[in-house]
Amino acid sequence: MKEFCQKWGKRIATKEMLLIVIVTLAATGVGMWAAQFPGLKILGALIIALLIGMVVQFPIRAWYTKNDPQRQARVKDAAGLIANKFLRLGIILLGFKLNLQLLFTTGAKCLPLAVVIVTVTVLLTYGICRWMGVDPLMAILVACGTGICGAAAVMGVSGSIKVSPKREEEKENDEVTAIAIVAIMGTIFALLEIAILPMMHLNQAQEGFVAGGSLHEIAHAVAAGEGLNDPQLAAQQGVVEAATMANIIKLSRVLMLVFVAIIVAIWWDKRHSEVPSDGGKRKVAFPWFMLGFIATAAIGTFMLETWPSTTGFVNVLGNDVAKIFLGMAMAALGINVNFKALAKGVKPFVASLIASVILVAMCIGMALVFFPAK
């Protein structure tokens with residue numbers, strides 16, 4: 001126990017850790033503030049925090065680390081620690097946002113559809129990536145980010161993948177590249193859907209289903225759902241409003257992250273494990289934090305159903321507090337990004353684009369079949 005405390009004390013109680021905490025917290029605050037504006041709302045606070053982190057690394061190098069290898073190593077370690085641990089904590093807290101009662105009642109029809117959407121999209125995107133020559137690690141991260149819930153899915157699934165120490169930096173760069181791809185893709189498709197879906201004569205429930213079923217980040221689905229929302233039209237049509245439907249189907253996809261992360265952990269260990277097969281037992285990198293995600297979802301749902309007065313408290317944990325930790329993780333990831341590695345993103349970007357077009361078409365078809373006009 002003493003050795004454990006000393007080991008972590010040396011990593012945490014440093015000037016570099018304090019510097020990274022202050023910088024990432026400031027980046028998160030700016031991101032949450034900037035995301036309130038219409039032009040930046042569609043990007044979301046997390047992506048803005050990531051971009052700030054990518055920019056801030058330059059003054060940190062110029063003014064603090066300079067040519068000091070020890071400082072460079074400590075800054076890298078501090079940013080890596082925050083990106084790793086705060087991401088898991090943020091995802092756990094994000095569970096408070098998942099109302100299981102809503103999903104299993106109002107959204108009962110959406111859950112099996114979400115399973116189909118996520119399964120088809122992940123397999124399709126991964127297959128296209130591999131066909132184009134993208135390595136398995138990048139391919140699975142982009143596939144899960146496209147099919148489930150953007151940046152949170154990329155980082156959540158990445159936590160299920162164990163690589164050798166020499167590939168840790170490559171893994172971090174792949175994470176940033178995959179996040180950038182799904183962020184750009186989601187923004188483009190959110191704007192296109194807000195502009196085009198009203199011209200297709202879909203009802204409000206159908207428009208909301210397409211937005212929540214096809215868009216990448218939660219922020220994208222929420223922004224598109226609000227942009228398409230028309231309560232009076234929904235009442236006339238006798239269907240659920242677009243914003244409500246977008247939230248339900250999107251959260252149904254978010255729930256799939258737990259199962260996908262576990263499946264990826266097992267699959268990666270069997271197909272791509274880098275542990276030498278010398279008779280030693282391999283240990284699957286099981287994403288235990290996903291069980292925390294399910295636990296907070298259950299606790300939050302119980303609190304909302306039993307004590308409605310706790311709604312504000314649960315929302316603060318699931319939205320604000322979770323976003324702070326996730327934003328700090330994203331900013332820390334940006335601080336460590338290697339810009340040269342972003343060049344690897346061309347092929348997976350094209351793969352995600354092709355898969356996203358097919359995803360939108362599939363969601364439109366599902367919406368017409370399962371949510372017909374009354």
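The values are calculated or read from the model by the stated rules, or taken from the named source; none is laboratory data. Since this is a predicted model, take the numbers as computed values, not measurements. Ideal geometry is used to build each Cβ from the backbone, glycine not excepted, and the neighbour counts take in all protein chains shown. Ligands, DNA and RNA are excluded from the accessible area calculation, which covers all protein heavy atoms including side chains. Shrake-Rupley method; radii C 1.70, N 1.55, O 1.52, S 1.80 Å.
Things worth noting here:
- Phi-derived couplings, Karplus 6.51 cos²θ - 1.76 cosθ + 1.60 at θ = phi - 60°, listed residue by residue for region 174-186: 5, 4, 4, 4, 5, 5, 4, 4, 5, 5, 5, 4, x Hz, with x used for Gly and Pro.
- The loop-placed trypsin sites (Lys or Arg not before Pro) in region 8-111, going by DSSP, that have at most 15 neighbouring Cβ atoms within 10 Å of their Cβ come out as Lys66, Lys109.
- Whole-Hz couplings from phi, Karplus 6.51/-1.76/1.60, listed for region 61-71; x for Gly and Pro: 5, 6, 9, 10, 6, 6, 10, 9, x, 5, 5
- Of Met155, Ile181, Met200, farthest towards positive along the dipole that unit charges on Lys, Arg, Asp, Glu beta carbons give region 144-201: Met155
- Over 31 Å (Cα to Cα) - which of Lys250/Lys340; Lys97/Lys340; Lys15/Lys97; Lys97/Lys171 fall in this group: Lys250/Lys340; Lys97/Lys340; Lys15/Lys97
- Förster radius 22 Å - calculated FRET efficiency between Val115 and Ala295, Cβ distance, rounded to 0.05: 0.55
- In order along region 367-373, the Karplus-derived 3J(HN,Hα) couplings, from 6.51 cos²θ - 1.76 cosθ + 1.60 at θ = phi - 60°, round to 4, 5, 7, 9, 10, x, 5 Hz, and Gly and Pro are given as x.
- Most to least accessible of Phe37, Phe289 (protein chains only, probe 1.4 Å): Phe37, Phe289
- A Förster radius of 45 Å combined with the Cβ-Cβ distance from Ile354 to Gln70 puts the calculated FRET efficiency at roughly 0.50.
- With all protein chains in place and ligands, DNA and RNA left out, the 1.4 Å accessible area ranks Asp269, Asp174 as Asp269, Asp174, largest first.
- Estimated at 0.36 nm per residue, the fully extended path between Ala373 and Val321 surpasses their Cα-Cα distance by 14.8 nm.
- To put it simply, the accessible area of the chain at a 1.4 Å probe is 69 percent carbon and sulfur.
- As a calculated quantity, the FRET efficiency between Lys41 and Arg61 at R0 = 30 Å, using C-beta atoms, amounts to about 0.45.
- Amide H partners (placed H, <5 Å) of Val240, local residues excluded: Ala205
- Heavy-atom accessible area order for Trp288, Trp268, Trp63, largest first, 1.4 Å probe: Trp63, Trp288, Trp268
- Per residue, the solvent-accessible area of the chain (1.4 Å probe, heavy atoms of protein chains only, all protein chains present) comes to 46 Å².
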